[in-house]
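Worksheet for the structure shown next.
The values are calculated or read from the model by the stated rules, or taken from the named source; none is laboratory data. Note that the structure is predicted; figures quoted are calculated from it, not measured. Reconstructed Cβ throughout: ideal geometry from the backbone, glycine too, with neighbour counts over all protein chains shown.
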Amino acid sequence: MFLEEKSKVPKLGVNIDHVATLRQARGGLEPDPVEAALMCEKAGCDSIVAHLREDRRHINDKDVVGLRKEVETKFNLEMSMNPGIVDIALKIGPDQVTLVPEKRRELTTEGGLSVIKYEKRLSGITALFNKKGIDVSVFIDPDRDEIRSAIYIGIGIIEIHTGGYSLARDKRSQAKEFKKIKDSAEYAMSKGIIVNAGHGLNYTNVKQIASIKGISELNIGHSIISRAVFTGLYRAVKEMKLITCG
């Protein structure tokens with residue numbers, strides 16, 4: 001399970017939530033996030049990430065069933081501690097669950113989950129997934145106390161929230177946030193924890209995070225889907241032009 005060998009370079013997990021966001025804007029069937037997941041795998045990603053929110057604003061129950069059936073790399077289901085969501089995850093059986101905080105009105109996850117605050121509850125949830133052979137990760141801020149709490153309750157994977165680094169307005173602030181991430185990652189790894197990272201990473205700022213020795217995986221979604229609009233738009237227009245005009 002979480003005692004896998006650390007890679008020399010980080011793996012890439014692609015979050016496909018915003019493919020579903022685009023679909024939900026019209027309430028139709030396209031674009032299909034499962035089809036997007038398969039394309040991401042074909043392009044070489046190492047895992048597929050999807051967040052089943054309580055309000056089903058993008059990814060829905062049918063999507064996670066389809067993803068579990070079709071994903072061949074690793075299916076990482078982001079989720080809150082809501083009992084109904086936990087039951088769905090246990091039934092579907094993703095390769096990994098990543099427990100995150102969730103607020104109904106937030107546009108995206110705003111911070112890390114406090115393991116310290118929810119230690120007892122998380123311990124029980126972790127035990128349920130471990131019995132099913134499902135790896136458990138927690139999405140936390142770069143904080144040693146939170147890491148210690150995760151270790152205490154037997155969680156072997158963490159994902160460090162990189163939002164502060166990604167939103168830094170100047171080089172000094174970014175350097176400060178990067179140091180917090182690097183120090184936390186190195187501390188966790190020294191305790192035998194697998195360390196992933198993500199949130200707000202893009203084509204400009206990701207290289208520095210990827211340079212942290214021992215980081216296992218970087219989970220990135222919005223910037224990849226945003227870039228795809230442009231890298232694929234030219235071809236999409238050309239193909240439609242051929243169909244409509246011959």
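Scanning segment 122-141 for residues that are outside any helix (DSSP H, G or I) and out of contact with any Asp or Glu (no Cβ under 8 Å at 6 or more places or on another chain) returns Lys132, Gly133, Val136, Asp141.
Could we say that Asn196 is under 19 Å from the mean Cα position of the chain (by Cα), surrounded by fewer than 20 Cβ atoms within 10 Å (Cβ to Cβ), in contact (Cβ under 8 Å) with a residue 24 or more places away in the chain and at negative phi here? No; evaluated as a whole, the condition is false for this residue.
If you filter segment 21-69 down to residues that are under 15 Å from the mean Cα position of the chain (by Cα) and aliphatic (A, V, I, L, M), you find that the one that is farthest from Lys91 (Cα to Cα) is Ala37. Within segment 119-144, residues that are within 20 Å of Gly93 (Cα to Cα) and among the charged types (D, E, K, R) have Cβ atoms under 8 Å from residues that are modelled with pLDDT of 95 or more and in a helix (DSSP H, G or I) in these pairs: Lys132/Leu90; Asp135/Phe129, counting only partners at least 6 apart in sequence or on another chain.
Scanning segment 201-225 for residues that are buried (at least 20 other Cβ atoms within 10 Å of the Cβ) and in contact with a Phe, Trp or Tyr (Cβ under 8 Å, 6 or more places away or on another chain) yields a single hit, Ile209. In this structure, Glu119 does not satisfy being among the acidic types (Asp, Glu) and under 29 Å from Leu38 (Cα atoms).
Scanning segment 89-116 for residues that are part of a helix (DSSP H, G or I) and either modelled with pLDDT under 95 or surrounded by fewer than 16 Cβ atoms within 10 Å (Cβ to Cβ) (or both) yields a single hit, Lys91. Based on this model, can you work out whether Leu77 counts as modelled with pLDDT of 95 or more and assigned to a loop (DSSP other than H, G, I, E, B)? So Leu77 fails the test. Can you spot a residue in segment 133-147 that is over 24 Å from Asp32 (Cβ atoms) and touching a Lys or Arg at 6+ places or on another chain (Cβ under 6 Å)? Yes, segment 133-147 contains at least one residue that is over 24 Å from Asp32 (Cβ atoms) and touching a Lys or Arg at 6+ places or on another chain (Cβ under 6 Å).
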